[in-house]
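Read through the structure below, which is laid out as structure tokens, and then see the notes.
The values are calculated or read from the model by the stated rules, or taken from the named source; none is laboratory data. Values in this document were obtained by computation on a predicted structure and should not be read as measured data. We work out accessible area using only protein heavy atoms, side chains counted, and drop any ligands, DNA or RNA first. Shrake-Rupley method; radii C 1.70, N 1.55, O 1.52, S 1.80 Å.
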Amino acid sequence: MSIAVNNKKSTGYNWELPEILGLFELPFNDLLFKAASVHRENFDPNAVQVSTLLSIKTGSCPEDCKYCPQSAHHNTGLKKESLIDVEKVITQAQKAKDQGSTRFCMGAAWRNLNDRDLPKVAEMISTVKDMGMETCVTLGMVEKEQLAKLKDAGLDYYNHNIDTSKEYYSEIITTRTFEDRLETLANIADAGLKTCCGGIVGMGEGVEDRAKMLQTLANLDKQPESVPINMLVKVKGTPLDNQEAVDAFDFIRTIAVARILMPKSYVRLSAGREEMNEQTQALCFLAGANSIFYGEKLLTTANPSENDDMKLFGKLGIRPENKENIKDCAA
Ligand code: SAM
Ligand code: DTB
Ligand code: SF4
């Protein structure tokens, strides 16, 4: 079976499901070779962008996302916290910057951004931007007018994940629809912000759902600049706590297909690294992952220590990406 490396049309990409499934079905070595080749054509294969996360409002979220420890529908024993003060953000952003992180992502457990909270979030964004870091927020659904204000404050990226396929979505979340997600993504693109959008592997979905999720991302009018691929972090008290673990090769395949479908996007090896050994992470980098969340905590769950990550980078000859070493052709 011949597989197109991409199928660019003047209006954007138009990946068909059979060709994406064809990629998933390739022998592992063929898939990795193809993905690594696409990666090299577009990026420095030995540079990885590092982003740090901070939860600015934790828990009590009205949405019922089955995977999420912050949903008010599940009892996970999480310590809840209302919107934190800007001073706390400054301390954490400075720490992240000192450790070599170039992007600071602030996440809130909200269904949507409320106008009441906008000025404080805007202040957080402008403060982090003034510290010389790229800024990203993930605040749930958001309107165009609100996005314009966040952009004015210095926002670079808005993270809003589709999480899974349209078909599997209602198995995971019932308090909003896949179309709601797409609508917000259109608002983000219209506002001229960079999009960070990806999903989760390991929620009981099949390979076809993973293919469809990547198809939706790749065929957006503008491919997301950043594509986080999360491996489900199983949190006690969430409905997905007992989900069967994902096979590492299936996870690596998902990264590889994301790289091939979205050649100029940063593909982020996101949540779930705490459960991955070094070899799995190394294969993810070979498959085209070129961004990670860096720092001991994601939003509420554990992430590998900075020390462990730097040791792994050292073993692999990988450099954290900074402004000076970004390859020109990268998105
Ligand atoms: N409330 C906002 C929203 O859902 O858009 C922003 C925060 S939410 C925590 C951001 C993303 O984190 C989710 O879309 C999901 O992809 C990811 N996430 C949350 N819990 C996770 C888990 N247990 N394992 C993997 N990814 C998770
Ligand atoms: C994304 O795709 N993954 C990050 C970020 N975007 C906001 C969040 C991962 C959260 C994992 C569970 C937790 O720590 O609460
Ligand atoms: Fe709320 Fe976001 Fe968690 Fe869903 S993923 S429960 S919207 S914080």
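Compactness of the chain is given as radius of gyration and Dmax, 18.5, 57 Å, from Cα positions. Rg to Rh for region 111-246: what is it, with Cα atoms only and Rh by Kirkwood? In region 111-246, Rg relative to Rh is 1.00.
Starting from a Cα-only point model with no solvent, please compute log10 I(q)/I(0) by Debye for region 20-65 at q = 0.15, 0.27, 0.28 1/Å. Ignoring solvent entirely, the Cα scatterers give -0.69, -1.03, -1.07. Using every Cα-Cα pair within region 1-118, state what percent have a distance larger than 19 Å. When every Cα pair of region 1-118 is considered, 68 percent fall beyond 19 Å. When DSSP beta bridges are restricted to pairs lying wholly in region 49-156, around 5% turn out antiparallel. With all pairs of different C-alpha atoms in the average, the Kirkwood value for the hydrodynamic radius of region 192-331 is 15.8 Å.
Were the residues from Asn307 through Gln243 laid out at 0.36 nm apart, the gain over their Cα-Cα distance would be 20.1 nm. Treating cross-link reach as a plain straight distance, find the lysines whose alpha-carbon is under 25 Å from the alpha-carbon of Lys80, omitting any fewer than eight places away in the same chain. Output for Lys80: Lys57, Lys66, Lys88, Lys95, Lys120, Lys234, Lys236, Lys297. When both bridge partners sit in the chain, DSSP labels roughly 10% of those beta bridges antiparallel.
Most simply put, region 188-314 has about 10% antiparallel DSSP beta bridges, counting only bridges with both residues inside it.
Against the criterion of solvent-accessible heavy-atom surface with a 1.4 angstrom probe, Thr300, Thr238 sort, most first, into Thr300, Thr238.
Using the alpha carbons alone, the radius of gyration of region 214-268 stands to its Kirkwood radius in an Rg to Rh ratio of 1.07. Between Ile90 and Ala186, the contour length at 0.36 nm per residue exceeds the Cα-Cα span by 31.5 nm.
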